[in-house]
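S.K.: Okay, handing you the structure first.
The values are calculated or read from the model by the stated rules, or taken from the named source; none is laboratory data. Note that the structure is a prediction, hence the values are computed from the model and not measured. Here the Cβ is made from the backbone with ideal geometry for all residues, glycine too, and neighbour counts use every protein chain on show. Side chains are part of the model used for accessible areas, which takes the heavy atoms of the whole protein and leaves out ligands, DNA and RNA. Shrake-Rupley method; radii C 1.70, N 1.55, O 1.52, S 1.80 Å.
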Amino acid sequence: MSREKQVYYQISNTYSVLNEFTETTKNVWLVCHGIGYLSRYFIRFFNHLDPSENYIIAPQAQSKYYLKSDYRHVGASWLTKENTDADIENVLNYLDELFTEEKLAKAPNLIVLGYSQGVSVATRFLARRQIKCDQLILHSGKVPAELNPEDFKFLKDTKVTYLYGTEDEYLKKGIIKVEEERMKSLFPKNFEIIRYNGGHEFNTEIIKKLS
């Protein structure tokens, strides 16, 4: 009979940054991309922000794959249903190192953003590591089912925004109603919902307003 065993080993992973951190920097962004992205492409969504005031850091999901059968374009995924618990720990350990490397504990105004699958990554990281931030933006995704209001109590002073397109094919009416109510219970204070006309695409205009 076959069985699975496990080994531990060290790996390295990249991440992308946009602009420079200087004395004029007002906002530091930690932005987690959705499934199918690479961080160097996802970070382009933040090109419209004032480069003198915004320093953007985009972690890179570790599991890469070809997006189409022509084997030309590469995307990445944070997690799947396979061996999820171990992969969550791998992702969190990676984010721990990035957080330390970029000295984010001393960031002047830390904004954490998750888009699509990145919402689950961002919220797990904040909740499990009790990472404080000034603003949390949850864009077109869902908070993992295992997280509860107690996990986010420490963010009582954090501004939380949930935004999504009304035509998002991944957030059907029944799903989004449940998710909105759940978000309100997870973040009872300083919580706002922003809806816009559109599907499952990144909304740069709203992000600029939130910055």
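S.K.: In region 4-30, what residues are of a type outside the set (Phe, Trp, Tyr), more than 19 Å from residue 74 (Cβ to Cβ) and in contact (Cβ under 8 Å) with a residue 24 or more places away in the chain?
M.R.: Across region 4-30, the qualifying residues are 6, 17, 18, 19, 20, 22, 24, 25, 26, 27, 28, 30.
S.K.: Shifting gears a bit: Given 79, 136, 113, which one is in contact (Cβ under 8 Å) with a residue 12 or more places away in the chain, over 27 Å from residue 6 (Cα atoms), in contact with a Ser or Thr (Cβ under 8 Å, 6 or more places away or on another chain) and buried (at least 18 other Cβ atoms within 10 Å of the Cβ)?
M.R.: After ruling out the rest, the residue left standing is 136.
S.K.: Can you work out which of the residues in region 169-201 that are within 19 Å of the chain's Cα centre (by Cα) and over 18 Å from residue 123 (Cβ atoms) is least open to solvent (accessible area, probe 1.4 Å)?
M.R.: 199
Here's the yes/no breakdown for (1) modelled with pLDDT of 95 or more; (2) charged (D, E, K, R):
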residue: 24; (1), (2): yes, no
residue: 30; (1), (2): yes, no
residue: 49; (1), (2): yes, no
residue: 85; (1), (2): no, yes
residue: 90; (1), (2): yes, no
residue: 96; (1), (2): yes, yes
residue: 102; (1), (2): yes, yes
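S.K.: Within region 142-164, how many residues turn out to be at pLDDT below 95 and either open to solvent by less than 10 Å² (accessible area, probe 1.4 Å) or touching a strand residue (DSSP E or B) at 6+ places or on another chain (Cβ under 6 Å) (or both)?
M.R.: Summing the residues that are at pLDDT below 95 and either open to solvent by less than 10 Å² (accessible area, probe 1.4 Å) or touching a strand residue (DSSP E or B) at 6+ places or on another chain (Cβ under 6 Å) (or both) in region 142-164 gives 0.
S.K.: Please work out if residue 162 is in contact (Cβ under 8 Å) with a residue 12 or more places away in the chain, in a strand (DSSP E or B) and not aliphatic (A, V, I, L, M).
M.R.: Judged against the criteria, residue 162 is a match.
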